[in-house]
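Colleague: Below you'll find the structure I mean.
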């Protein structure tokens, strides 16, 4: 699945990570090299990642201008006909090969053009998938398939929707790929209808529907569509949906809130960091919803977050955390022991909460033994 490739120099890694999060939060998949440059085959890995991208974002800085890796990456992207987007992080002279391209000025931290960047990426993505759609249709494809593809661009909204429906009923091997490409169509009604249709025909197993479902999730004027999107995103379980779903944890409608929490819970471990951040929200309802989402994951990795929730001032949040830890039972013992032993810092409130969870919430033989060992080692007899 096509993604945004981010090229940067190590000195700019903090900004690169921030950029990555911003792009992902806007519904795009991102590829960054992590530690691949340290390996012997970094060039092959980079080449493949660039070829599979629909855009390469190049961070321009004093450090990157002289970077062998960054210069190789933008040159390879241009040679592979991948659209290059330049971000001027620091004012530097641009290489002559790049001088013909406009850059986005990110040198002023008080006026960062995030909206322009996201619009540009969306435009490139739509162009990319339009080209892919045309390229994937064989010359001997049935006329009905070609007609449906052409109708996706009709000026008549009913004809566009009918074209999506027609594609969903075709048995031709290319039809589903065309449907997936329609999720990135220039027309919003096509994108959303294609996403829901692809979800249905693929029995909630095709992550290519996710960008269109995220778009539907943002449509506050149509609550029924939002609810359907929430359920579909939870069933698909793609982490790309996490930022949007987590941002909806402030939902006040109990039924809708329940669906959002359930969807996040289904996505599981990859949602944990974003959910844990919401434990710091001012609104206790958001903190409760975040705790319930962690509860539904039933994953030992949620233990640090649940212990944080166990120290919350609001009893509803604490109650949810207690329920989650009790259900984890033995699975929570190791994580609680790690907290008591200072893995996450010498926070006495957290240590006491972990101790309480072992002795009063879980209270299995293993939990009680771990608590006793901690009390003995730290000379903290039970009162």
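Colleague: Tell me, yes or no, whether region 56-67 has at least one residue that is touching a helix residue (DSSP H, G or I) at 6+ places or on another chain (Cβ under 6 Å), under 24 Å from residue 210 (Cα atoms) and touching a residue at least 40 places away in the same chain (Cβ under 8 Å).
Modeller: Looking through region 56-67, at least one residue is touching a helix residue (DSSP H, G or I) at 6+ places or on another chain (Cβ under 6 Å), under 24 Å from residue 210 (Cα atoms) and touching a residue at least 40 places away in the same chain (Cβ under 8 Å).
Each row is one residue, and each column tells you yes or no for (1) loosely packed, with under 14 Cβ neighbours inside 10 Å; (2) farther than 30 Å from residue 151 by Cβ.
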{"site": "57", "(1), (2)": "no, yes"}
{"site": "71", "(1), (2)": "no, yes"}
{"site": "80", "(1), (2)": "yes, yes"}
{"site": "86", "(1), (2)": "no, yes"}
{"site": "98", "(1), (2)": "no, yes"}
{"site": "102", "(1), (2)": "yes, yes"}
{"site": "112", "(1), (2)": "no, yes"}
{"site": "118", "(1), (2)": "no, no"}
{"site": "127", "(1), (2)": "no, no"}
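Colleague: Do the conditions hold for residue 337, that is, is it in contact (Cβ under 8 Å) with a residue 40 or more places away in the chain, surrounded by fewer than 24 Cβ atoms within 10 Å (Cβ to Cβ) and within 24 Å of residue 373 (Cβ to Cβ)?
Modeller: Answer is no for this residue.
Colleague: Separate question: So which residues in region 340-354 are surrounded by fewer than 22 Cβ atoms within 10 Å (Cβ to Cβ) and either in a helix (DSSP H, G or I) or in contact (Cβ under 8 Å) with a residue 60 or more places away in the chain (or both)?
Modeller: 348, 349, 350, 351, 352
Colleague: Follow-up. Could you go through region 155-171 and let me know if any residue there is under 27 Å from residue 81 (Cα atoms), touching a helix residue (DSSP H, G or I) at 6+ places or on another chain (Cβ under 6 Å) and either not assigned by TED's automatic domain parsing to the domain that holds residue 52 or not in a helix (DSSP H, G or I) (or both).
Modeller: Checking region 155-171: not a single residue is under 27 Å from residue 81 (Cα atoms), touching a helix residue (DSSP H, G or I) at 6+ places or on another chain (Cβ under 6 Å) and either not assigned by TED's automatic domain parsing to the domain that holds residue 52 or not in a helix (DSSP H, G or I) (or both).
Colleague: Right, another one. Just one of (1) under 22 Å from residue 292 (Cβ atoms); (2) outside any helix (DSSP H, G or I); (3) more than 35 Å from the chain's Cα centre (by Cα) trips up residue 382, so point out which.
Modeller: Residue 382 satisfies every listed condition except (1).
Colleague: Can you pull out the residues in region 123-154 that are part of a helix (DSSP H, G or I) and within 18 Å of residue 198 (Cα to Cα)?
Modeller: Across region 123-154, the qualifying residues are 126, 129, 130, 132, 133, 136, 145, 148, 149, 151.
Colleague: Taking region 200-222 on its own, how many of its residues are outside any loop (DSSP other than H, G, I, E, B) and more than 17 Å from residue 27 (Cα to Cα)?
Modeller: Count: 2.
Table: residues versus (1) surrounded by fewer than 16 Cβ atoms within 10 Å (Cβ to Cβ); (2) modelled with pLDDT of 95 or more; (3) within 14 Å of the chain's Cα centre (by Cα).
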{"residue": "216", "(1), (2), (3)": "no, yes, no"}
{"residue": "219", "(1), (2), (3)": "yes, no, no"}
{"residue": "222", "(1), (2), (3)": "yes, no, no"}
{"residue": "225", "(1), (2), (3)": "no, yes, no"}
{"residue": "228", "(1), (2), (3)": "no, yes, no"}
{"residue": "232", "(1), (2), (3)": "no, yes, no"}
{"residue": "236", "(1), (2), (3)": "no, yes, yes"}
{"residue": "254", "(1), (2), (3)": "yes, no, no"}
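Colleague: If the requirement is being at pLDDT 95 or above, assigned to a helix (DSSP H, G or I) and either within 23 Å of residue 215 (Cβ to Cβ) or not assigned by TED's automatic domain parsing to the domain that holds residue 213 (or both), which of these qualifies: 75, 49?
Modeller: Residue meeting the stated conditions: 75.
The values are calculated or read from the model by the stated rules, or taken from the named source; none is laboratory data. In this text, all values refer to a predicted model and were calculated from it rather than measured experimentally. Neighbour counts are summed over all protein chains in view; Cβ atoms, including those assigned to glycine, are modelled from backbone coordinates with ideal geometry.
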